[in-house]
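Just so it is clear, none of the values below were taken in a lab; they were calculated from the coordinates. The structure presented is a predicted model; accordingly, all values stated were derived computationally and were not measured. Using ideal geometry, Cβ is built from the backbone for each residue, glycine included, and neighbour counts are taken over all protein chains shown.
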């Protein structure tokens, strides 16, 4: 009986360990899906006016944070580990955006080059909001 409890304790402690590689990989996968989706339908949101852009940014950032929150609960991340997880999750997308921004006109031909600034601001706001949430949850 003691052995069983110890094994369960070890299994659950392994589950709560922070794996920055996992968070980086999850962030990269989500960034890749979002980038492909924006390349296909981004003109509907980035070039339809300020109100549509603002609503798109608000709901997308909220969804991004909600997804991260669900993943932290699923992975049973402790409060002190939320900030490193948020940083690893965000850095994957930030690094992926460097080649996208450098080759924006050829990579996303459906969008005009004038929407590059809107796209960059959208990304900055999303990553900043996620990191702010990580800072807020840190230590809870």
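From its DSSP helices (H runs of at least four residues, each -39,500 (n - 2.57)), the chain gives a residue-normalised ellipticity at 222 nm of -27000 deg cm²/dmol. Helix 116-137 and the longest principal axis of the C-alpha atoms of the chain enclose an angle of approximately 20°. With 10 Å bins beginning at zero, the pair-distance distribution over Cα atoms of segment 44-140 amounts to 15, 41, 29, 13, 1 %. The ranking of 29, 118, 89 by Cβ neighbour count inside 10 Å, starting from the fewest, reads 29, 118, 89. Helix 82-102 and the long axis of the chain differ in direction by around 30°, with both axes built from C-alpha atoms. Segment 30-66 and segment 95-128 have Cα centres separated by 11 Å. Taking 0.36 nm per residue of separation and subtracting the Cα-Cα distance, full extension of the segment from residue 120 to residue 40 would add 27.1 nm. Approximating the spin labels as points 7 Å out from Cα along Cα→Cβ, the residue 69-to-residue 135 distance works out to 1.9 nm.
Peptides 69-78, 50-59, 119-128 ranked from most to least packed give 119-128, 69-78, 50-59, packing being the mean of other C-beta atoms within 10 angstrom over each peptide's residues.
Give the angle, between 0 and 90 degrees and rounded to the nearest 10, that separates the Cα long axis of helix 50-74 from the longest principal axis of the Cα atoms of the chain. Taking the Cα atoms of the chain, the angle to 50-74 is about 20 degrees.
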